[in-house]
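Engineer: Dumping the structure here so I can ask a few things about it.
Only the coordinates and a few stated rules stand behind these numbers; no lab work does. These numbers were taken from a predicted model, which means no experiment stands behind them. Counting neighbours? That spans all protein chains shown, and the Cβs are built from the backbone with ideal geometry, glycine included.
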C-alpha cells in the first residue's frame, strides 16, 4: 500500500525537486518554474496563446519584484499565486471572446471539422483534455484550484500559500475535490 | 488498535504530508484495518483516474522556447523603459521641476487674483456706502439747516458761533443756555455743568432757535441712523460737535473773564453777566 502510494506520487507530473539552495536568479526561476506557470495558466484560461500572455505577465512581475519575492522554497507558490490572479483577470477581460471561442469549439467538434484538419491522435487528446476540463469545471473553488496545484506537484504548504488557505485544510480539500472529480468524470464517461 | 483515519488524514498520508510519527501510526493502522485499507484503495484509484484524466492537460507541450523569447523581449523592453525613465529624469529634471513649480505658482496666482477680486468688490461696495451715507446726511443737514447752521466743519462751527455772538449782540436776552442744553443731553461736555448750574428761564434769539432746531433734528436723524452709520463718519460728526461746543465754551469764558468788555458781555450768558454786574 505504502509503496503504491509512493509510486503514484512519483508518477504525478511535476517539475519539482531540482531547486537549488542558493537564491534563484531570474533565469533560473524561469527555467525551473515556467512549465508550472504555463500549465496552470492554460488550465485556467484554456487557451495556449492566452496562457503565453499570462506566463509573460507573471515573469515580468517577477522581474519587477525580484528583490521582494519570497525565498526560493516559496517562489513557486508565489509564482502560481500570481499566475492564478493574472489568469483569472485575463479570463474576465476575455470572457466575451472566450464564449465565442468555446462556441466555435463546440460546433467544430460536433461537425468534426477539427478532426479533418488535425490527425486522429490530436483529436483524441483534445477530447480527453475537454472531458477533464469539463469535469474540473464542475468542482467548486477552492477545491478545483487545490487539485490543479496538487497535480502540479505542489506541497500542501505551497498550495496554502498560493490560495491563501490554511495548510491544515488542504488535505481535506484535496480529498473532497478528488472524490468529486472521480464522480463527475465517471458520469461524463471519461473512465477508460 | 488505533482509531480509523479520517478523510483528510488519509489524503495527507497518501500525499506524504504527515509528520514522520503520524505517518508511522497511519501505516500501522492501515495494515490492520480493513475499512481504512479499502478507503485507501479507493483513494489510490481515484487519484490514478484523476492523474490520467489530467495527464493530457498537463502533458501538453510547453512552448518553452517561445516563452523564453517572449519573456526575454519583455524584460528587455522593461529595462529599456526603466532606463529611459531614468534618462528622461536626468535630462528633463529641471524642466519638469520648473513645470511643476509653475503649476504651483499658477495656483498661487489664481488664489491671489481671487483675493484681489474680492478686495476690489469690497472696495467698490465700501466706496458706494461712503458716498451714499454722507450725501444723505448732508442732504438732511442742508434741508434742516439752511444757511450756515451746519455743524460739519470747525470753520462752520466758529462761523456759527460768530453768528450767534453777532445775533446775541443784536438781541436783548442773548443766551447760550439752550445751546448748552442739547450738547449736555448729547454727552457731558465742559459747558454742560455750567449751563446746568444756571437758571432755566432763557429767551432765544431767532437765529439761535433755528440753529438749535437744526442740531436737534440732525441729532435725532443720526441717532435713528446710528446702526447704519459708519463709525468713522460718526466720529467725525461728534468731533465737529465738540468743536462747536468748545467754541461756545470759549466765548462764554471770554465773557466771564472780561465782564466789562461790551462785546463779550453781549455774547455772554445773560443770566450770569447781569448777576455779576451790579
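Engineer: Counting only other chains, and only Cβ atoms inside 10 Å, what mean value do you get across the residues of B:67-74? Spell out each step's value before the answer.
Structural biologist: Numbers: counts 10, 5, 0, 6, 13, 3, 1, 5.
That average works out to 5.
Engineer: Moving to a separate point now. Using a 10 Å cut-off around each Cβ of peptide A:36-46, what is the average number of partner chain Cβ atoms that fall inside?
Structural biologist: The per-residue average across the peptide is 2.
Engineer: Then there's this: Based on the Cβ-Cβ distance from residue B:209 to residue B:113, what FRET efficiency comes out when R0 is 60 Å, to the nearest 0.05? Intermediate results must be reported in sequence, preceding the final value.
Structural biologist: Working: r = 59 Å, r/R0 = 0.98.
Result of the calculation: an efficiency of 0.55.
Engineer: Between residue B:83 and residue B:3, what is the label-point separation in nm under the 7 Å Cα-to-beta-carbon projection?
Structural biologist: The modelled label-to-label distance comes out at 6.4 nm.
Engineer: Could I ask something else about it? Using a 10 Å cut-off around each Cβ, can you sort B:121, B:222 from fewest to most neighbouring Cβ atoms?
Structural biologist: Values: B:121 10, B:222 18.
Taking fewest neighbouring Cβ atoms as first place, the list is B:121, B:222.
Engineer: For Cα pairs less than 8 Å apart in space and 6+ apart in sequence, what is the mean separation divided by the residue count of segment A:120-192, i.e. the relative contact order in percent? Mind showing how you got there, number by number?
Structural biologist: Working: 50 pairs, mean separation 28.5, N = 73.
About 39 percent, as a whole number.
Engineer: At residue A:48 and residue B:23, where each label point lies 7 Å from the Cα along Cα→Cβ, what is the point-to-point distance in nanometres?
Structural biologist: That separation, rounded to one decimal, is 3.9 nm.
Engineer: Then there's this: Based on the Cβ-Cβ distance from residue B:121 to residue B:41, what FRET efficiency comes out when R0 is 60 Å, to the nearest 0.05? Numbers along the way, then the final one.
Structural biologist: Details: r = 93 Å, r/R0 = 1.55.
Step by step, r from the Cβ atoms, then E = 0.05.
Engineer: Could you work out how far apart the two model spin labels at residue A:92 and residue A:183 are, taking each label as a point 7 Å from the Cα in the direction of the beta carbon, and quote it in nm?
Structural biologist: 3.1
Engineer: Assuming a ≥ b ≥ c are the square roots of the Cα gyration tensor eigenvalues, decide whether segment B:7-59 counts as rounded (a/c under 1.5), prolate (otherwise, with a/b larger than b/c) or oblate.
Structural biologist: Values: a/c = 3.72, a/b = 1.78, b/c = 2.09.
Oblate, since a/c reaches 1.5 and b/c is not below a/b.
Engineer: Test of understanding: ordering A:143, B:50 by Cβ neighbours within 10 Å, fewest first, what list do you get?
Structural biologist: A:143, B:50
Engineer: Moving on. Compute the FRET efficiency between residue A:64 and residue A:167 as 1/(1 + (r/R0)^6), taking r as their Cβ-Cβ distance and R0 = 41 Å, and round to the nearest 0.05. Walk me through the intermediate numbers first.
Structural biologist: On the way: r = 28 Å, r/R0 = 0.69.
Given R0 = 41 Å and the Cβ-Cβ separation, E is 0.90.
Engineer: Which of the peptides B:110-116, B:60-66 is most tightly packed, and how do the rest follow, judged by the mean count of other Cβ atoms within 10 Å per residue? Before the final figure, lay out the partial values.
Structural biologist: Values: B:110-116: 10.0, B:60-66: 13.7.
Listed from highest to lowest mean packing, they are B:60-66, B:110-116.
Engineer: So how much slack lies between residue B:254 and residue B:59, counting 0.36 nm per residue of separation and subtracting their Cα-Cα distance, in nm? Mind dumping the intermediate values first?
Structural biologist: Working: separation 195, 0.36 × 195 = 70.20 nm, distance 12.88 nm.
My answer for the length gained is 57.3 nm.
Engineer: Order of B:51, A:83 from fewest to most other C-beta atoms within 10 Å?
Structural biologist: Values: B:51 17, A:83 29.
By the 10 Å Cβ count, ascending, the order reads B:51, A:83.
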